[in-house]
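J.: After the structure tokens below, expect a handful of questions from me.
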Amino acid sequence: MQTLPIVTPSLRLRHFVLEDAPRIMALNGEPSTRRWLPSHVYATLDDVVPAIGFLVSCYSSPGHPRSGPYVLAVEDGRTGQLLGHVGFSPLDNEVEVSFAIAESARGHGYGAEALLHACNWAADTFELRRILAVTAAGNAASRSTLERARFAHELDEVMRFQGGTELVSRYGWHHPSGHGGGA
């Protein structure tokens, strides 16, 4: 099993720390985050700090994405700049992954690279055979990233999502080795 941090060809995936709060504030102000992930948008830095503190606390309690969020920071492997996140959390008796990459860092395959490595790590660490992804059906960039990260489209449905009701696309990822103890 690979331990954190996860070093990929271009990225470094690690736990968040409170010092990430100013960069998270900058990332949550990007138009794409405001459009596609409004639940990740904070009004002030004073709102971001407790949110990051909560995510940090979840590494130990509950410590498992079947019970609560487990979110990894995604850094540029060369510069160390925080580019976004890959997070795992419970949804409908499964583990769902979410992700976001800074607009300035898009077009380099970082989203798919982060997803592939994070999903392999989570599958091994938490004994998961399958990981679910849900995105707005109209979010073509997210759907494309999921497909490049070896997620398979399963269905489109209307559900409560990001504070509203909308058409979403569900994707599934299966551990390539078939290992992992859970469903």
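J.: Among the numbered criteria (1) in contact (Cβ under 8 Å) with a residue 60 or more places away in the chain; (2) within 20 Å of residue 3 (Cα to Cα), which single criterion is violated by residue 131?
T.: Result: residue 131 passes all but (1).
J.: Go through (1) under 24 Å from residue 39 (Cα atoms); (2) surrounded by fewer than 12 Cβ atoms within 10 Å (Cβ to Cβ) one by one and return the number of the condition residue 176 breaks.
T.: Of everything listed in (1) under 24 Å from residue 39 (Cα atoms); (2) surrounded by fewer than 12 Cβ atoms within 10 Å (Cβ to Cβ), residue 176 misses just condition (1).
J.: Still on this structure: When residues of region 17-34 are filtered for being of a type outside the set (A, V, I, L, M) and modelled with pLDDT of 90 or more, how many remain?
T.: 4
J.: What tally of residues in region 55-75 results from selecting those that are in contact with a Phe, Trp or Tyr (Cβ under 8 Å, 6 or more places away or on another chain) and either farther than 15 Å from residue 4 by Cα or of a type outside the set (A, V, I, L, M) (or both)?
T.: 9
J.: Further question on the same structure: How many residues are in contact with a Lys or Arg (Cβ under 9 Å, 6 or more places away or on another chain) and of a type in the set (Lys, Arg) if we restrict to region 83-116?
T.: Within region 83-116, residues that are in contact with a Lys or Arg (Cβ under 9 Å, 6 or more places away or on another chain) and of a type in the set (Lys, Arg) number 0.
J.: Something else about it: Could you grab me the full set of residues in region 55-101 that are out of contact with any helix residue (DSSP H, G or I) (no Cβ under 9 Å at 6 or more places or on another chain), of a type in the set (D, E, K, R) and either in a strand (DSSP E or B) or surrounded by 23 or more Cβ atoms within 10 Å (Cβ to Cβ) (or both)?
T.: Answer for region 55-101, where residues must be out of contact with any helix residue (DSSP H, G or I) (no Cβ under 9 Å at 6 or more places or on another chain), of a type in the set (D, E, K, R) and either in a strand (DSSP E or B) or surrounded by 23 or more Cβ atoms within 10 Å (Cβ to Cβ) (or both): 75, 94, 96.
J.: On the basis of being touching a helix residue (DSSP H, G or I) at 6+ places or on another chain (Cβ under 8 Å), within 29 Å of residue 2 (Cβ to Cβ) and touching a residue at least 24 places away in the same chain (Cβ under 8 Å), does residue 125 make the cut?
T.: Criteria not met by residue 125.
J.: Ok, one more. Among the candidates 177, 89, single out the residue that is free of Cβ contacts under 8 Å to residues at least 12 places away in the same chain and of a type outside the set (A, V, I, L, M, F, W, C).
T.: Matching residue, one of 177, 89: 177.
J.: Of all residues in region 115-169, count the ones that are assigned to a helix (DSSP H, G or I), of a type in the set (A, V, I, L, M) and exposed (fewer than 15 other Cβ atoms within 10 Å of the Cβ).
T.: Of the residues in region 115-169, 2 are assigned to a helix (DSSP H, G or I), of a type in the set (A, V, I, L, M) and exposed (fewer than 15 other Cβ atoms within 10 Å of the Cβ).
J.: For region 36-82, give me each residue that is within 30 Å of residue 137 (Cβ to Cβ), in contact with a Lys or Arg (Cβ under 9 Å, 6 or more places away or on another chain) and either among the hydroxyl-bearing types (Ser, Thr, Tyr) or without any contact (Cβ under 8 Å) to a residue 60 or more places away in the chain (or both).
T.: 41
J.: A further question follows. Can you pull out every residue in region 131-176 that is under 15 Å from the mean Cα position of the chain (by Cα) and under 16 Å from residue 91 (Cα atoms)?
T.: 131, 132, 133, 134, 135, 136, 162, 170, 171, 172, 173
J.: Then there's this: Any chance you could count how many residues in region 1-23 are in a helix (DSSP H, G or I) and either in contact with a strand residue (DSSP E or B) (Cβ under 6 Å, 6 or more places away or on another chain) or free of Cβ contacts under 8 Å to residues at least 12 places away in the same chain (or both)?
T.: Result for region 1-23: 3.
J.: Checking the condition in a helix (DSSP H, G or I), on the phi < 0 side of the Ramachandran plot and surrounded by 16 or more Cβ atoms within 10 Å (Cβ to Cβ), which residue from 26, 112 passes?
T.: 112
The values are calculated or read from the model by the stated rules, or taken from the named source; none is laboratory data. Everything quoted here is computed from the prediction, not taken from an experiment. When we count neighbours, we look across all protein chains shown, and the Cβ atoms used for this are built from the backbone with ideal geometry, even at glycine.
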